[in-house]
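Here's the structure, in structure tokens; my notes come after.
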Amino acid sequence: MTKKTIKTTTALLAAGAMLLLAGCSSDAPPAGDGAPTESAEQGVFEFQTPRYGSDSGEVLIRLPEGLLDVVTDREMLSTEAVLTPRELGGAKYCAIDVEPRYLDGSQDVLKAPSESAGDHAAEASERYESLETWEPVEPEVVALFMDGTIGTVEKAQQYIAGGGQYADWVQGVLDEVGVGYYSDAPAWGLLRDAETISELDDADPVAGTYYSDDLSVITLVANCAASPADDGDMEFSFPAKVKEDGQIAWLGTVELSVMKSGTITVTEARVAGFVRDTDGNWIAD
């Protein structure tokens, strides 16, 4: 079974560790550079700094209200999540349980196929029937297309089934445009390379992403961090539905690391399409 190692970013450090990160990490903005300062609630990360940590064993990450107020092109499906360390056997891997707090009905949207079989077939046919598709194809095949012999997907399939002289070439074109290759992969990209939580053996873990059937828990498994200053090997993004096309995108992403002791660190935080200005307001990037 192959699993994809996911980058992850979320951490909580004790006050002393926070001072260490502030003093030593080049990720944090230096004092006096005009960046807004916020006295965040301990154990809560709201994208107020590039890096954040605590050793309390639990972190609440949430998208700030000021950011959500200016996002108009996306419908948020989750805006906050609770992160807790998960105990695993062995000395190599560590894990974080992410419990997203969803808006009503969001789990169904995230688990649904990214496109329907009908939509995929229609789009593949449209690509096939576009002359642009045929520019690099053998002249003999183009001729068959132009005279109507294989002018539609249905006719092309009939030509192939009948053992036409250029059947292999025509099949190659159908393959190229995606005819017959529909996948019911979930809309949420995070789930496409993930395994169900029943596949995770806590005593003998394998790096990757795991999820419960109702998506209430997303478990991230990666190499243990040696210190809170290490780069993160895990990643979690808050999903959103793009209003224009219905696709699932993300708004805020955190890269995370976790130590064997349970210390979680947000090693990097990013927001798609927005930045915070020196007055603390979120503006389009």
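The residues in region 228-240 that are buried (at least 21 other Cβ atoms within 10 Å of the Cβ) and more than 22 Å from G89 (Cα to Cα) can be counted, and the count is 4. Screening S216 with (1) within 23 Å of S125 (Cβ to Cβ); (2) among the polar types (S, T, N, Q); (3) in a loop (DSSP other than H, G, I, E, B) gives one miss only, at (1). Scanning region 208-227 for residues that are crowded, with 18+ Cβ neighbours inside 10 Å and either outside the structural domain of R101 (by TED's automatic domain parsing) or closer than 24 Å to S261 by Cα (or both) returns G208, T209, Y210, Y211, I218, T219, L220, V221, A222, C224, A225.
Return the only residue of R276, R270 being closer than 14 Å to E46 by Cα and free of Cβ contacts under 8 Å to residues at least 24 places away in the same chain.
Details: R276 fails: free of Cβ contacts under 8 Å to residues at least 24 places away in the same chain.
From the options R276, R270, the qualifying one is R270.
Elements of the type helices (runs of 4 or more DSSP H) sitting completely within region 140-198 and holding at least 1 residues that are within 21 Å of the chain's Cα centre (by Cα), assigned by TED's automatic domain parsing to the domain that holds R86 and surrounded by fewer than 17 Cβ atoms within 10 Å (Cβ to Cβ): these cover 189-192. Of the residues S56, S78, the single one that is modelled with pLDDT of 95 or more, farther than 15 Å from M234 by Cα and of a type in the set (G, A, S) is S78.
Would you be able to say whether some residue in region 254-267 is in the same structural domain as P100 (by TED's automatic domain parsing), outside any loop (DSSP other than H, G, I, E, B) and surrounded by fewer than 22 Cβ atoms within 10 Å (Cβ to Cβ)? Among the residues of region 254-267, not one is in the same structural domain as P100 (by TED's automatic domain parsing), outside any loop (DSSP other than H, G, I, E, B) and surrounded by fewer than 22 Cβ atoms within 10 Å (Cβ to Cβ), which makes the answer no.
The values are calculated or read from the model by the stated rules, or taken from the named source; none is laboratory data. All figures in this text were calculated on a predicted structure; none of them were measured in a lab. Heads up, the Cβs are rebuilt from the backbone with ideal geometry, glycines too, and the neighbour counts pull from every protein chain shown.
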